[in-house]
Structures are given as C-alpha cells and as structure tokens.
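All of the numbers you see were taken from the coordinates with simple rules; none came from a lab. What you are looking at is a predicted structure, and each value in this text was computed from that prediction instead of being measured. All Cβ positions, glycine included, derive from the backbone under ideal geometry; neighbour counts span all protein chains shown.
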Amino acid sequence: MSFKQQFPLGEEYYIDITRECAHGGAWDNHIVLHVYQSSTSMEVAKLLLRSLEPLSYSGFAPTDFVQHGLRSVEPGKGHAHRMHDFLISHRAVLPFEIRNVYSTNPSTDNLYFVQPNQPRLYLSESAIRFWNKRIQQQKAEYVDELKRYRITWDT
C-alpha cells in the first residue's frame, strides 16, 4: 500500500504528497512533499521528511520526522511555509501518523544525511530564519534539550 495524493493550496499551487510502503506492509521512513504551480504543473518546491526513529534519543517515535531537505526553484516565495501549514492542517486526514516534524541537528543527523559533494549537512542561516519566523507565527518552537526546532500543532 502506497499513498500518493494531490491537495490544492489556493488557486496558484497544489501539493503532492507521497509515501511508499516498505517490505512487509509497513510505511517507508520517508515522506515527500512536492509543491507545483497549478497553471504549468511545474515543480517549485520539494520537502523530504525522514523518520527520526533510528536516533538514540528515547523521546523519538517512528512517527517523528526530521526535515531532511528543502529545495525550491523560487526561494523566498513562501513554499516552505505552505508545506508546514499543509502538514498542520492535513495531518489528521493522512492515512499515516505524523507525530511531529523537527529541524535537523547536524551533530546527530550527520551519519545518514549524506549529500553529494557536501560531506556534512548543516542548519543553514536561511533555515534558522525560516524556523524563527515559524516561532513568531506561533507555529513552531525550539526544544532546547534536543537542540532542534519543531512544528507546533493546532489542538
């Protein structure tokens, strides 16, 4: 069983969310979100979420994810905010649980966040600005003991 579905994001964009099943029918540890421009069907942003389960901190569950990477062909257009807002508003209707989404922590995540020609993934200044904007909007918080940001869900 795999999941692939499109959701409108206003009139200009739509989001495509995909999650595959691993062997044995369990969900794969990746969720991929693509944002497309509605008029051209051109991909303008992509976000990969990866399960935090392999990390040693005992507070993480298989349904906790880290933002593995964000790519946008239109930086500064708010696509990351759209994807976070989508997760906040739609997580209850998805056929799998997302307990939380965290920022990456380079000292912990470096082992499996490998990118070509980039020996170490780091939390960039633009990512820090993004998360701080989310905090100002009361849609994220910083968890000091984890040294990570995380989404704050509406209850």
For His30, His84, order by how many other beta-carbon atoms lie within 10 Å, fewest first: His30, His84
DSSP-loop GluC sites (Glu not before Pro) across the stretch 1-77, with at most 15 other Cβ within 10 angstrom: Glu11, Glu12, Glu20
Amide hydrogen neighbours beyond the local backbone of His68, cut-off 5 Å, H modeled: Leu48, Leu49, Arg50
Trp153, Trp131, Trp27 arranged by Cβ crowding within 10 Å, fewest neighbours leading: Trp153, Trp27, Trp131
